[in-house]
Amino acid sequence: MGLSRREFSKLGAMGLAAQMLPSVGVAAQGGERKVGYAVIGLGTIADHFMRGVLASPNSQITGLVSGHRDKAERIAAQYGVPKSSIYSYEDMDKFRDNKAIDAVYVALPNSMHAEYTIRSAKAGKHVLCEKPMSTTVKEAEDMIAACKDAHVQLMIAYRLHYEPLHLKAVKLIKDGALGRVGTINGAFGFDAAPGAWRLNKTLAGGGSVFDVGIYVLNASRYLTGEEPVGFTAVASTIDQDGRFAMVEENVSWTTKFPSGTLATGSSTYGTQMPGYFKVFGPKGWIAMDPAFNYDGMRLRAKFSAGGKGVPDIEIDESNSEKDPAQFTREANHFSECVMTNQRPKSSGEEGLRDMKYIFDIYQAAGVKL
Ligand code: NAD
């Protein structure tokens, strides 16, 4: 569609909307206008996203960018993308003239996020970029500047910002269920296979905090609604099989927030570490376990209801939505932002803050990036 809803209604008032419609590439499925996405990089997370988009009322896949033409043609057939809307990394910039592509979803290894975000913005496309935003703070700043200059929206794909149980945990804390938050514990990691690009510092930017620790770090910020004022951290490598020649195996850190809340997080590429968080306050606790999966979230809590002799409030709730529901919610939000010209909840600035904190954590751990 290439125009915000506001701009579009303005054109309507001028009698121009009807004229624009055929050329602005809005899919008119069931009469609904949809934001068309070109997916850049057709790996694991792109598959989740594309399946999620199928259930979105305001989004659709209209282009693909890949280094593997055969794979792209197979996926294009699946999603009804014309062959003429398949691009290579080299000729991707030509999609500037493809009116069916309003936005891109950048699903490449971390080190490529900045280049493909900036090129997409320069081609006039809105950008939904995977986390971590980039591999350096400077890249993240450049991405924000490029999107601002091109007047396109930039969102970082923090899918849990849109997940109902995470939002419920945030609300419970904000409403004072725990009194105040004293401490938070969380962890997320996995035993990485040798040869994975995540273990290659050039492509990943650094170790597991970039990839999985970021979930724990980001959760500590949205759960408290505060920004860190300092970090302590340690890193270690136990396994000497060669996997950790470029990045560390384990990291643990503690964040201090202005209120005095302390959040301790761990992440790893060397052990099995299912993601969870637990939040403690004088009135009780809230736990999410699993916390960071694609589905199956479970929120438990126990906190005082107030009066003496009144039984504690206990919560045990699971989200029964199945993968790729989180990606549908994420796409819905970004498409809505594109259509209404609003800044996404998980904006580029949000991604930039995490990039700064990731560098703080590694610096505190004595790991040179
Ligand atoms: P992946 O390895 O499955 O896919 C990466 C894609 O990039 C592949 O299609 C590959 O062909 C392409 N590519 C292009 N150049 C490449 C190169 N030089 N080396 C390796 N691949 C190259 O990775 P993924 O798990 O889909 O991760 C992609 C991005 O998504 C990463 O930034 C990651 O942090 C992020 N991610 C986010 C989530 C989430 O839940 N939001 C989950 C997993 C990954």
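The values are calculated or read from the model by the stated rules, or taken from the named source; none is laboratory data. As the structure is a prediction and not an experimental result, all values here were calculated from the model. As a convention, Cβ positions derive from the backbone with ideal geometry for all residues, glycine included, and neighbour counts pool all protein chains shown. The accessibility values were calculated without ligands, DNA or RNA, using every heavy atom of the protein model including side chains. Shrake-Rupley method; radii C 1.70, N 1.55, O 1.52, S 1.80 Å.
Values computed for the structure shown
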item	result
Any chance Asp102 is more than 16 Å from the chain's Cα centre (by Cα), surrounded by 24 or more Cβ atoms within 10 Å (Cβ to Cβ) and more than 23 Å from Asn200 (Cα to Cα)	yes
Positions within region 50-61 being touching a residue at least 40 places away in the same chain (Cβ under 8 Å) and open to solvent by less than 10 Å² (accessible area, probe 1.4 Å), in sequence order	Gly52, Val53, Ser56, Ser59
Those residues of region 114-138 which are within 13 Å of the ligand (Cβ to nearest atom), free of Cβ contacts under 8 Å to residues at least 60 places away in the same chain and not hydroxyl-bearing (Ser, Thr, Tyr), in sequence order	Ala114, Glu115
Residue match in region 176-190 (condition: within 16 Å of the ligand (Cβ to nearest atom) and open to solvent by 20 Å² or more (accessible area, probe 1.4 Å))	yes
Region 139-150, subset among the hydrophobic types (A, V, I, L, M, F, W, C) and away from the ligand (no atom under 16 Å from the Cβ), residue surrounded by the fewest Cβ atoms within 10 Å (Cβ to Cβ)	Ala145
Output for region 151-172, where each listed residue is charged (D, E, K, R), part of a helix (DSSP H, G or I) and surrounded by 20 or more Cβ atoms within 10 Å (Cβ to Cβ)	Arg159
Contacts under 8 angstrom Cβ, first residue in region 340-364 being farther than 13 Å from Arg221 by Cβ and open to solvent by 20 Å² or more (accessible area, probe 1.4 Å), partner aliphatic (A, V, I, L, M) and in a loop (DSSP other than H, G, I, E, B), 6 or more apart	Phe359/Leu369
Within region 232-327, strands (runs of 3 or more DSSP E) holding 3 or more residues that are of a type in the set (Asp, Glu) and open to solvent by 50 Å² or more (accessible area, probe 1.4 Å)	313-318
Residue, most open to solvent (accessible area, probe 1.4 Å), within region 33-49, restricted to residues that are among the β-branched types (Val, Ile, Thr) and touching a residue at least 40 places away in the same chain (Cβ under 8 Å)	Ile45
Failed condition for Ser88, given (1) of a type in the set (S, T, N, Q); (2) more than 16 Å from the ligand (Cβ to nearest atom); (3) more than 17 Å from Glu336 (Cβ to Cβ); (4) open to solvent by 10 Å² or more (accessible area, probe 1.4 Å)	(2)
Those residues of region 328-339 which are open to solvent by 60 Å² or more (accessible area, probe 1.4 Å) and either of a type in the set (Val, Ile, Thr) or modelled with pLDDT under 95 (or both), in sequence order	none
Residue selected from region 191-201 under the condition part of a loop (DSSP other than H, G, I, E, B) and aliphatic (A, V, I, L, M), by the criterion most open to solvent (accessible area, probe 1.4 Å)	Ala193
Scope region 62-75; condition touching a helix residue (DSSP H, G or I) at 6+ places or on another chain (Cβ under 8 Å) and either within 14 Å of the ligand (Cβ to nearest atom) or open to solvent by 20 Å² or more (accessible area, probe 1.4 Å) (or both); matching residues	Leu64, Val65, Ser66, Glu73, Ile75
Qualifying residue in region 212-228 (condition: surrounded by fewer than 18 Cβ atoms within 10 Å (Cβ to Cβ) and in contact with a helix residue (DSSP H, G or I) (Cβ under 6 Å, 6 or more places away or on another chain))	no
Hey, Val137 in contact with a helix residue (DSSP H, G or I) (Cβ under 6 Å, 6 or more places away or on another chain) and over 14 Å from Val39 (Cα atoms) or not	yes
So Ala55, is it out of contact with any strand residue (DSSP E or B) (no Cβ under 7 Å at 6 or more places or on another chain), more than 12 Å from the ligand (Cβ to nearest atom) and among the hydrophobic types (A, V, I, L, M, F, W, C)	yes
